[in-house]
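This report concerns only the one structure given below.
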Amino acid sequence: MDRDEALQLFTQYAFKSDKPIDGFEDLIEDALHYAGGLPLALKVVGSNLYGENRKYWKSALEKYKRILEENIQEKLKISYDGLDGFTKKIFLDIACFFKGDEKEYVTKILGYCGFFPDDGIKKLIDKCLITIDEYDRLMMHDLLEDMGKEIFRQESPEEPGKRSRLYFHEDVHEVLEKDKGTKHIEGILINLLGGHRKIRLGSEVFAKMERLRILIVRRCDESFCDRLNYLSNELRVLDWPNCSLEFLPTSFLGEKLIVFDIRGSNIRDLGRGLQSKRNLEAGGMALMALSKLEHEVNHD
């Protein structure tokens, strides 16, 4: 991207106009230099500076100046660092679990997590950290997705069990196979697509994960798990099609569930906390029940 194109794109996001405001000429040149001609960086940097005075611009641009030219993720992270705590959580959940999902679906989940998603998603859009596509799905540039995943990896680089979210297969494998889960874990995506090493769960594998909000399981065979003695009652999302379990833990009430997808599963008993489809629907949950249970709950 040449200098004129970069200036035009940056101006659109930094001033919401075709022309920059007088008095910012020197700072604009610095911003263009630090963005390095990368369209995504121009959008994110410009959006971060929009509506701010010269003092703020100087301070923000000084941060960009200190970052090595090739470290684009660190440049983009400056916008993330300026977010409030709830909006940071929303960004990380989207990067790890919900990229490509419909906005309404994600908003409902994050709302029940207490994250104020209507406000947070708007802020992320304004900062160009996420976008909404023509199908009303939450989208994110690959560089920003990678940045988000690196942020929660850095929460505990050497001990993945102490991170808030688990996504990378090797980390998931280590934590679950070696029973290294902790109370820090809030979300896990388990996906055995593409020849990843198999994982076999012990019955107590989730016992220490008392704050687990999101559990998504994909493409796991019957050897993955045959019994669980514990699931967190903080779960908002239990998304486990073709689940090999026959019973859910007796202590699992599921009172905070928003998404409960067990289609194609072997489960024969929902347990005392999830006894009827009517109860789930009354709680506003999205129940997608397996056929074995549908007959029972519909004739209860």
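Throughout, read-outs are computed from the coordinates displayed, never taken from laboratory work. Computed from a prediction, not measured in an experiment: that's the story for all the values here. Don't worry about glycine lacking a Cβ; one is built from the backbone with ideal geometry, like all the others, and counts go over all protein chains shown.
Structure notes:
- In region 31-84, GluC sites (Glu not before Pro) in a DSSP loop with at most 10 other beta-carbon atoms within 10 Å: 69, 70
- Extending 7 Å from the Cα toward the beta-carbon at both residue 222 and residue 29 defines two label points whose distance is 7.2 nm.
- Three-way shape label, region 151-263, alpha-carbon gyration tensor, a/c 1.5: oblate
- Mean Cβ count within 10 Å, highest first, over the residues of peptides 185-191, 254-260: 185-191, 254-260
- By the beta-carbon count within 10 Å of each Cβ, the least crowded to most crowded order of 219, 236, 3, fewest first, is 3, 219, 236.
- Taking other C-beta atoms within 10 Å as the exposure proxy, 146, 81 rank 81, 146 from fewest upward.
- Dividing the helix sum by the residues of the chain, where each DSSP H run of 4 or more adds -39500 (n - 2.57), gives a mean residue ellipticity at 222 nm of -12000 deg cm²/dmol.
- Added length on full extension, which subtracts the Cα-Cα distance from 0.36 nm per residue, residue 177 to residue 204: 8.6 nm
- Phi angles of region 118-135 translate, via the Karplus equation with coefficients 6.51, -1.76, 1.60 and θ = phi - 60°, into HN-Hα couplings of 4, 6, x, 5, 4, 4, 5, 5, 4, 8, 6, 8, 9, 9, 10, 8, 5, 9 Hz per residue; Gly and Pro are given as x.
- Each principal axis of the Cα cloud of region 1-77 was evaluated for its coordinate range; sorted largest first, these ranges are 29, 28, 18 Å.
- Listed residues 24, 130, 86: farthest to the positive end of the dipole of the chain (Cβ charges): 86
- For the chain, modelled as a GNM whose springs connect Cα atoms under 10 angstrom apart, the maximal fluctuation among 238, 144, 38 occurs at 38.
- Selection of trypsin sites (Lys or Arg not before Pro), region 15-70, meeting DSSP coil and at most 11 other Cβ within 10 Å: 16
- Rounded, prolate or oblate (a/c below 1.5 giving rounded, otherwise prolate when a/b exceeds b/c) for the chain by Cα gyration tensor: prolate
- Taking every DSSP beta bridge that has both ends in the chain, the antiparallel portion is near 15%.
- Cut-off under 5 Å, modelled amide H: who pairs with residue 190 long-range: 216, 217, 218
- Between 193, 201, 215, the GNM of the chain built on Cα springs shorter than 10 angstrom shows 193 fluctuating the most.
- Gyration tensor verdict on region 85-146 (Cα atoms; rounded if a/c is under 1.5, prolate if a/b is larger than b/c, oblate otherwise): rounded
- Applying both filters, DSSP loop and at most 16 other Cβ atoms within 10 Å, to the chymotrypsin sites (Phe, Trp or Tyr not before Pro) of region 70-169 gives 135, 168.
- Order of 140, 209, 1 - criterion: other Cβ atoms within 10 Å of each residue's Cβ, fewest first: 1, 140, 209
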